[in-house]
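**Student:** Here it is, the structure in full.
The values are calculated or read from the model by the stated rules, or taken from the named source; none is laboratory data. Because the structure is predicted, anything quoted here is derived from the model rather than measured. Please note: Cβ atoms are built from the backbone with ideal geometry, for glycine as well, and neighbour counts cover all protein chains shown. The area values use the complete protein model at the heavy-atom level, side chains included, leaving out ligands, DNA and RNA. Shrake-Rupley method; radii C 1.70, N 1.55, O 1.52, S 1.80 Å.
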Amino acid sequence: MNWVYWIMGGLNVLMWGTIAVIFTVKAKGIGALHQTKEKDGGEQPLISVIIAARNEQKALERCVLSLVKQTYPKLEIIVVNDRSEDDTGTIIAKLAASYPNIAGININELPERWMGKSHALLQGTKQAKGEWLLFTDADILFDPQCLAKAITYTEEHQLDHLTMIPDFKGPNLFAKWYAAFIFMSASSFGQLWKIKDPKAQQSLGVGAFNLIRKDVYERIGTHSEFAYITTDDAALGKKVKQDGFRQDAIYGTRMVAVWNWYENLGQLIGSVEKSVFRYSNAILTTISCLLTMIYPWVGLFIGPLSAKGLCAFSLLSVFWLYAVYSRHSGSGFWYGIAHPIVGLLLIIGGLRGAIRASRRGGMTWRGTTYDRKELKA
């Protein structure tokens, strides 16, 4: 029986220990927007910011006002009201009446085989006049220099697409733990430092900040190419890279932040269901989380002493990963303590998502049920 503990402990050491060493060495190769100096003078392209908003009355106005305060002078803001049932439409109308560079679009129906957000963003692009498009979410807050620095960064690095990992603000600690896990994993296992290499296959797209040249967006086929994919932001980044355009993913620390990503634990678990809505994916998620996120903690108390030592070493590697990530992202250096809790939430969300989707015949997200037979994650 002891050999089982040794194998499980050894595999965790191999996985977490190896990636901790690699990420420690390579993390410095990932850019950070706040280190970019804003360009002075010169001709500046128009940026069209497009926000898809469904029932966002709590967050939307803060987001738009943070965009209004940008130091970047050539900016239009297009807010798409995606079938909202609260006061989102009223807020958009008020903002559009108050600021000449803000326009609102109302959507009343969702076509078949379209995710609501992707459809809303596409409608926004049809009104956009900018050379650059910035797709963002309604719960994002921007530092006044964010867009000016972003355009400077794209010009300095000759990019077609720039995406950023944001800060996560607000009172919900569970959401911050979850975000740290997601983007620590994307940074390390996803080898974020390779994305700027045109020859590398790594790519990324983040909903908080997807800045793309309009002509490139049209050449990759617009959101029509991934209309029925739940992870539309990542799909956009992947399509940009696959089609041979230049891309980079950097840290948006101090420049862009998500405010109160999920207000409560129920919303957080529900977000997992958006990506894990089939039993096969739920089972795979459960096994993976049990073996790599929860077992190392359990292994501290069971099995032979040598196996316990392997588990302890793997946990130290996990803590180190989160600490290194925090130096670049602004997250808590101690968030590694919550690693098994995040694993448990992923298991619950995945299993619940598969069960609910099976009963309903589809995945439900933001009040809309999507047919899971054709839906992709």
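**Student:** Look through segment 364-374, keep the residues that are in contact with a strand residue (DSSP E or B) (Cβ under 6 Å, 6 or more places away or on another chain) and under 17 Å from Asn281 (Cβ atoms), and return whichever of them is surrounded by the most Cβ atoms within 10 Å (Cβ to Cβ).
**Tutor:** Tyr370
**Student:** Now for a different question. Filter segment 327-336 down to the residues that are surrounded by 18 or more Cβ atoms within 10 Å (Cβ to Cβ) and out of contact with any Lys or Arg (no Cβ under 9 Å at 6 or more places or on another chain), then identify the one that is farthest from Leu14 (Cα to Cα).
**Tutor:** Across segment 327-336, the extreme among qualifying residues is Ser329.
**Student:** Looking only at segment 210-235, which residues are under 14 Å from Trp114 (Cβ atoms), among the hydroxyl-bearing types (Ser, Thr, Tyr) and not in a helix (DSSP H, G or I)?
**Tutor:** Across segment 210-235, the qualifying residues are Tyr228, Thr230.
**Student:** Would you pick out the residues in segment 337-363 that are more than 19 Å from Leu375 (Cβ to Cβ) and open to solvent by less than 10 Å² (accessible area, probe 1.4 Å)? Let's see the steps before the verdict.
**Tutor:** Of segment 337-363, the ones more than 19 Å from Leu375 (Cβ to Cβ) are 337-348.
Ala338, His339, Val342, Gly343 - these are the residues of segment 337-363 that are more than 19 Å from Leu375 (Cβ to Cβ) and open to solvent by less than 10 Å² (accessible area, probe 1.4 Å).
**Student:** If you check every pair at least six apart or on different chains, which have Cβ atoms under 6 Å apart with a residue in segment 209-225 that is closer than 17 Å to Glu131 by Cβ and without any contact (Cβ under 8 Å) to a residue 40 or more places away in the chain first and a residue that is part of a helix (DSSP H, G or I) and open to solvent by 10 Å² or more (accessible area, probe 1.4 Å) second?
**Tutor:** From residues that are closer than 17 Å to Glu131 by Cβ and without any contact (Cβ under 8 Å) to a residue 40 or more places away in the chain, the pairs are Ile220/Lys239.
**Student:** Restricting attention to segment 308-325, does a residue exist that is modelled with pLDDT under 95 and hydroxyl-bearing (Ser, Thr, Tyr)?
**Tutor:** No, segment 308-325 contains no residue that is modelled with pLDDT under 95 and hydroxyl-bearing (Ser, Thr, Tyr).
**Student:** I need the full set of residues from segment 239-277 which are open to solvent by 70 Å² or more (accessible area, probe 1.4 Å) and in contact with a strand residue (DSSP E or B) (Cβ under 9 Å, 6 or more places away or on another chain), in order please.
**Tutor:** Answer for segment 239-277, where residues must be open to solvent by 70 Å² or more (accessible area, probe 1.4 Å) and in contact with a strand residue (DSSP E or B) (Cβ under 9 Å, 6 or more places away or on another chain): Arg246, Arg254, Trp259.
**Student:** Could you list all residues from segment 166-187 that are more than 13 Å from the chain's Cα centre (by Cα) and surrounded by fewer than 23 Cβ atoms within 10 Å (Cβ to Cβ)? Step through it out loud before you land on a result.
**Tutor:** First pass over segment 166-187, keeping only residues more than 13 Å from the chain's Cα centre (by Cα): 169-174, 177.
The answer is Lys169, Gly170, Pro171, Asn172, Leu173, Phe174.
**Student:** Collect the residues in segment 192-209 that are assigned to a loop (DSSP other than H, G, I, E, B), more than 23 Å from Ala120 (Cα to Cα) and among the hydrophobic types (A, V, I, L, M, F, W, C), keeping them in residue-number order.
**Tutor:** If the condition is that a residue be assigned to a loop (DSSP other than H, G, I, E, B), more than 23 Å from Ala120 (Cα to Cα) and among the hydrophobic types (A, V, I, L, M, F, W, C), then Ile195, Ala200 are the ones that fit.
**Student:** Looking only at segment 198-229, filter to residues that are hydroxyl-bearing (Ser, Thr, Tyr) and surrounded by fewer than 22 Cβ atoms within 10 Å (Cβ to Cβ); which one of those is modelled with the lowest pLDDT?
**Tutor:** So, considering only residues that are hydroxyl-bearing (Ser, Thr, Tyr) and surrounded by fewer than 22 Cβ atoms within 10 Å (Cβ to Cβ), the one modelled with the lowest pLDDT is Tyr228.
**Student:** Are there strands (runs of 3 or more DSSP E) fully within segment 10-116 with at least 3 residues that are in contact (Cβ under 8 Å) with a residue 60 or more places away in the chain and exposed (fewer than 14 other Cβ atoms within 10 Å of the Cβ)? List them.
**Tutor:** none
**Student:** Tell me, yes or no, whether segment 119-130 has at least one residue that is more than 23 Å from the chain's Cα centre (by Cα) and part of a helix (DSSP H, G or I).
**Tutor:** So far as segment 119-130 goes, yes, one or more of its residues are more than 23 Å from the chain's Cα centre (by Cα) and part of a helix (DSSP H, G or I).
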